[in-house]
1. For the condition in contact (Cβ under 8 Å) with a residue 60 or more places away in the chain and either outside any helix (DSSP H, G or I) or surrounded by 13 or more Cβ atoms within 10 Å (Cβ to Cβ) (or both), what is the one hit in B:Leu68, B:Leu43?
2. Could you list, in sequence order, the residues of the stretch A:244-259 that are without any contact (Cβ under 8 Å) to a residue 40 or more places away in the chain and either part of a strand (DSSP E or B) or buried (at least 22 other Cβ atoms within 10 Å of the Cβ) (or both)?
3. Is it the case that some residue within the stretch B:61-74 is in contact with a Pro (Cβ under 6 Å, 6 or more places away or on another chain), among the small types (Gly, Ala, Ser) and at the interface with another protein chain (Cβ under 10 Å from one of its Cβ atoms)?
4. Scan the stretch B:46-61 for residues that are exposed (fewer than 14 other Cβ atoms within 10 Å of the Cβ), without any contact (Cβ under 8 Å) to a residue 12 or more places away in the chain and not in a loop (DSSP other than H, G, I, E, B) and jot them down.
5. If B:Phe110 satisfies every condition in (1) within 12 Å of chain A (Cβ to nearest Cβ); (2) surrounded by 16 or more Cβ atoms within 10 Å (Cβ to Cβ) but one, which is the exception?
6. Return the residues of the stretch A:55-71 that are among the charged types (D, E, K, R) and under 15 Å from A:Ile226 (Cα atoms); say none if nothing qualifies.
7. Given the stretch A:95-169, what strands (runs of 3 or more DSSP E) lie entirely inside it while holding 1 or more residues that are in contact with a Lys or Arg (Cβ under 9 Å, 6 or more places away or on another chain)?
8. Collect the residues in the stretch A:177-186 that are within 10 Å of chain B (Cβ to nearest Cβ) and either buried (at least 19 other Cβ atoms within 10 Å of the Cβ) or part of a helix (DSSP H, G or I) (or both), keeping them in residue-number order.
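Coordinate-derived values only; no laboratory data. Please read all numbers here as calculations on a predicted model, not as lab measurements. Here the Cβ positions follow ideal geometry from the backbone for every residue, glycine too, while neighbour counts run over all protein chains shown.
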Amino acid sequence: MKRNRREFLKLAGITTASVIGATSGLTMAEASGSGEAKHKAILAKNQKALTAKRWGMVIDTTKLQTASDIEPIISACHKIHNVPEMTNKNHEIKWIWEEEFKHVFAEQEHELVNERLRHLPFLVLCNHCKNPPCVRACPTNATFQTKEGIVMMDFHRCIGCRFCMAACPYGSRSFNFQDPRPFIKETNKEFPTRMKGVVEKCNLCAERLAVGKLPFCVEASNGAIIFGDLDDPQSEIREVLNTNYTIRRKPALGTGPSIYYIV
Amino acid sequence: MLKEKRIFNKKLVIAGLIIFIGVITFPFWFNHAKVVAPPEVKLTEKAKEAKECVLPDKVKMRGNHMQLLDMWRDTVVRDGNRKYIGTNGKEYEMSLSNTCLDCHSNKADFCDKCHEYASVNPYCWDCHIDNPKETKNNETQ
C-alpha cells in the first residue's frame, strides 16, 4: 500500500488530535472524581509553628564543661526520637553526641592546644549545612533541604544506599544495620521508630518546631545552646554571634555549617 | 506421496489435554467453590461518636485512604504542613499513629482485618507505632 504525503499528514493530524482529546478527558475525569476531596481540603501550618529563613544554633562550650553537663542533652534527644542504644559499637546510632577537640576541630589541633579545650567534651550533631553534600549525593531525594534550611530525611524514600554517609564530612549519619526496636528502652509513642536498612540523623526537631516548641536539646541545655534565625539580623542568635567569637567545623570544605561554637 | 495426517496415541493426547485445561482453569473453579464474606470492620466508641471519618464519605475513605495517607506524609515531611482541614470543616493533625489510630485504636479489628482480607500488608508499622493508645497505660513493658 502506498500513501502519499497528504494522506500521511491527515492521518498524523487525526492521531494527534485524538491523543490530546483522550488525555484532557482523563485529566478532567480525575479532577472531578477521586481528586475532588483533595482540592477542597486545606493543608496548613499550625498557627503556633516557629518559622525562619534559616535555622541555626550556637553552642556555648563555656557553659558545657563536663560530660555530665552534656549527657542529659543527648539522652533528652535520643529519648523523644526513639534512637536505639545499640550494644554493638559498630552499629551505633546517634543524632547528637560527644566528641573531643582533636576530632571536632581537627584542622585546629596542635600539640600545645590549651588544656581546657583538649579535655572539653564537645557536643556535635548534624550541621544542617547551607550547601549540604549529603543532599547532592542522595539518589532518591530522600535527604533534602527544607525552605527553612533544615537538612531533612524522608524515611519513606530512603533505600539505604549510604551515599549520604560517605558524603557527610562530619559523620552525622548512622545506618540501621539491624532492627532498632529491641534496643529502644522506652518508646515515645508519638514519634515513629526507624527500621533496618535506613539511614538516620538529627532532624532539628522539625516535629517540635511545627507545634511551636524549641528543639529538645536547646530546651534541655539550660541556655548553653542558642537557637534562632540566622537570616534575621534582629534575632537573639545574631546578637550572640555578633558579641562572641565563634567557629564552625571544617569551614574550608564550603559546606556552610549552621552550627556555631563559642570556645 | 504425502502420508495421511492423523493423531498418534490418541488416548494419551486427549487425556493430557483434559488435564492441561483442568490445571490452567484451576483458579477459576477453585475460587468459585467458596465465597469469602467481606469482613465486618468494627468502629471504636470514639469513632462512633465522631460519626465521620477524615473524608466524610465512607466509600471514598475505603477506596482512597492510601492516597490520603501518602498525601499526608508528603505534606508533613516535605512541606512541613501538619494541619488538615477537611471538606467537613474539621481539623486534623496529619499523623498516621496519632490521628488515624486515635479513632481507630482497634487496629487489629479494623485496619488489619480488612487488609488481611484484601491481601495487603502495609510496611508502615515497621516504624510507625501501631498501638499508640494501648500501651500508654502500661508504659513500662
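1. It is B:Leu43.
2. Passing the criteria: none in range.
3. no
4. Across the stretch B:46-61, the qualifying residues are B:Lys48, B:Glu49, B:Lys58, B:Val59.
5. (1)
6. Listed by number, the residues that qualify are A:Asp60, A:Lys63.
7. Details: elements: A:96-99, A:122-125, A:143-145, A:151-153.
Once the strands (runs of 3 or more DSSP E) in the stretch A:95-169 are filtered for at least 1 residues that are in contact with a Lys or Arg (Cβ under 9 Å, 6 or more places away or on another chain), what remains is A:122-125, A:143-145, A:151-153.
8. A:Pro180, A:Arg181
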